[in-house]
Amino acid sequence: MKPFAYQRAEAADSAVATVARAGAAFLAGGTNIVDLMKLGVTAPDLLIDVTGLPLRDIEALPDGGMRVGALTANCDLAIDPVLRTRFPAVALALLSGASAQLRNRATVGGNLMQRTRCRYFVDVTKPCNKRQPGAGCAALDGEHRDLAIMGAGNGTDRPARQPLCIATNPSDLAVALALVDAQIELLTANGPATMSVHEFFRLPGDRPERDTNLPPGALITAVVLPATPIARMSTYRKVRDRSSFAFAAGSVAAALDVRDGIVRDVRLAYGAVAHRPWRAYAAERLLRGQAATVDSFERAADEELAAARPLRDNAYKVPLIRNLTVGVLRGMTEASW
Ligand code: SF4
């Protein structure tokens with residue numbers, strides 16, 4: 001590993017000012033960045049350890065929302081009784097991530113900053129546009145079973161050339177945050193700022209080296225879950241190659257309000273299908289006001305997945321997400337009878 005300097009942050013504003021220096025990076029739980037440093041994927045000259053900052057509070061807001069400090073450990077948030085009541089999909093997503101040991105160490109803010117697990121991104125001997133813009137993408141003709149089927153520019157939106165990156169976002173938490181329209185609080189060099197989770201994550205487009213739209217040097221200070229009554233009836237289901245300590249092959253977060261057999265409201269978000277958590281707006285639009293039946297759920301999933309452009313080895317994700325969508329919504333409908 002390349003030698004680097006280490007500093008403990010005394011205050012958030014001075015940490016942001018220090019990390020503005022070229023080659024500096026924040027260190028929180030370290031469950032991703034340290035691995036990437038060992039592999040030579042990233043090589044900061046200076047790590048600013050922010051774990052001593054007072055950003056660990058979990059607040060139940062009086063309006064029904066929650067505010068979670070960015071340094072809250074994933075395990076602490078997952079077992080919070082208010083979260084489990086108001087936002088069960090968020091709790092389930094947290095519990096489905098990584099292993100107990102990693103959830104104990106990893107933080108909420110760090111979870112949103114984790115990088116793709118594309119095998120070529122972490123192999124510095126292989127071409128990767130995300131690691132080295134312009135180098136090419138080894139995954140297109142290589143191992144892409146785990147990678148994106150949507151939003152990479154493969155197909156309809158840029159038919160003239162291949163996508164630059166088909167990486168997926170690895171976070172389970174991010175999918176549940178997309179479901180509830182979470183807000184992300186930041187401290188930037190110009191002061192505090194807020195971004196919605198939908199602004200925060202991005203598709204690769206022509207800048208695959210950028211995972212998020214986080215302003216350079218900004219520190220995530222908190223995540224706000226806005227009051228969302230439908231989220232009390234929400235869930236998260238993840239499919240993976242083994243039952244623990246594995247990234248998703250596909251996942252679905254869902255919230256559903258069914259009355260008298262009719263879908264009054266619904267929210268759906270997909271994981272492991274794109275460079276960002278994928279909110280399934282087309283499926284939601286189709287379902288609202290429809291009978292809560294398997295036929296409606298199938299048509300809604302098909303509507304959303306019409307945008308999928310799978311490659312040679314990841315076409316299985318289309319029926320996987322379709323079946324997950326139908327299975328989750330059907331289970332929630334039966335639970336509400
Ligand atoms: Fe790199 Fe993205 Fe291609 Fe993976 S999919 S090799 S991260 S450019």
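Determine, yes or no, whether D257 is without any contact (Cβ under 8 Å) to a residue 40 or more places away in the chain, crowded, with 18+ Cβ neighbours inside 10 Å and assigned to a strand (DSSP E or B). Here the answer is yes, as D257 does meet what is asked. Taking the range 161-227 as the region of interest, none of the strands (runs of 3 or more DSSP E) fully inside it holds 2 or more residues being in contact with a strand residue (DSSP E or B) (Cβ under 8 Å, 6 or more places away or on another chain) and within 16 Å of the ligand (Cβ to nearest atom). I'm checking my understanding of the structure. Among residues of the range 92-137 that are closer than 16 Å to P277 by Cα and touching a helix residue (DSSP H, G or I) at 6+ places or on another chain (Cβ under 7 Å), which one is most open to solvent (accessible area, probe 1.4 Å)? Selected residue: R115. Could you tell me whether any residue of the range 273-282 is among the β-branched types (V, I, T), in contact (Cβ under 8 Å) with a residue 60 or more places away in the chain and assigned to a loop (DSSP other than H, G, I, E, B)? Within the range 273-282, one or more residues are among the β-branched types (V, I, T), in contact (Cβ under 8 Å) with a residue 60 or more places away in the chain and assigned to a loop (DSSP other than H, G, I, E, B). V318 fulfils the conditions (1) touching a Ser or Thr at 6+ places or on another chain (Cβ under 7 Å); (2) more than 22 Å from P88 (Cβ to Cβ); (3) part of a helix (DSSP H, G or I) except for a single criterion, (1). Looking across the range 103-144, just one residue is among the hydroxyl-bearing types (S, T, Y), more than 9 Å from the ligand (Cβ to nearest atom) and either more than 20 Å from G30 (Cα to Cα) or in a loop (DSSP other than H, G, I, E, B) (or both), and that is T125. Of the residues making up the range 308-337, those that are at pLDDT 95 or above, closer than 17 Å to V266 by Cβ and either open to solvent by 10 Å² or more (accessible area, probe 1.4 Å) or β-branched (V, I, T) (or both) are I321, R322, L324, T325, V326, G327, V328, R330, G331, M332, T333.
Taken over the range 152-168, the residue count meeting the criterion of being open to solvent by 20 Å² or more (accessible area, probe 1.4 Å), of a type outside the set (D, E) and either modelled with pLDDT under 95 or at positive phi (or both) is 7. Within the range 129-140, residues that are within 8 Å of L164 (Cα to Cα) and hydrophobic (A, V, I, L, M, F, W, C) have Cβ atoms under 8 Å from residues that are open to solvent by 50 Å² or more (accessible area, probe 1.4 Å) and assigned to a loop (DSSP other than H, G, I, E, B) in these pairs: C137/P127; C137/Q162, counting only partners at least 6 apart in sequence or on another chain. Within the range 170-224, the set of residues being touching a residue at least 24 places away in the same chain (Cβ under 8 Å), more than 30 Å from I79 (Cβ to Cβ) and in contact with a helix residue (DSSP H, G or I) (Cβ under 8 Å, 6 or more places away or on another chain) comprises T188, A189, G217.
The rows are residues; the columns are (1) part of a helix (DSSP H, G or I); (2) aliphatic (A, V, I, L, M).
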{"residue": "L268", "(1), (2)": "no, yes"}
{"residue": "E284", "(1), (2)": "yes, no"}
{"residue": "S296", "(1), (2)": "yes, no"}
{"residue": "A300", "(1), (2)": "yes, yes"}
{"residue": "E304", "(1), (2)": "yes, no"}
{"residue": "T325", "(1), (2)": "yes, no"}
{"residue": "L329", "(1), (2)": "yes, yes"}
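Scanning the range 141-150 for residues that are open to solvent by less than 20 Å² (accessible area, probe 1.4 Å) and touching a residue at least 40 places away in the same chain (Cβ under 8 Å) yields H144, L147, A148, I149, M150. Hey, does the range 62-77 have a residue that's of a type in the set (D, E, K, R), in contact with an Asp or Glu (Cβ under 6 Å, 6 or more places away or on another chain), more than 26 Å from V124 (Cα to Cα) and open to solvent by 20 Å² or more (accessible area, probe 1.4 Å)? So far as the range 62-77 goes, yes, one or more of its residues are of a type in the set (D, E, K, R), in contact with an Asp or Glu (Cβ under 6 Å, 6 or more places away or on another chain), more than 26 Å from V124 (Cα to Cα) and open to solvent by 20 Å² or more (accessible area, probe 1.4 Å). Being assigned to a helix (DSSP H, G or I), open to solvent by 80 Å² or more (accessible area, probe 1.4 Å) and out of contact with any helix residue (DSSP H, G or I) (no Cβ under 7 Å at 6 or more places or on another chain) holds for only one residue in K2, K38, and it is K38.
The values are calculated or read from the model by the stated rules, or taken from the named source; none is laboratory data. For clarity, every value in this text was computed on a predicted model and none was experimentally measured. So basically every Cβ, Gly included, is an ideal-geometry build from the backbone, and we count neighbours across all protein chains shown. Keep in mind that these areas ignore ligands, DNA and RNA; they rest on the heavy atoms of the full protein, side chains included. Shrake-Rupley method; radii C 1.70, N 1.55, O 1.52, S 1.80 Å.
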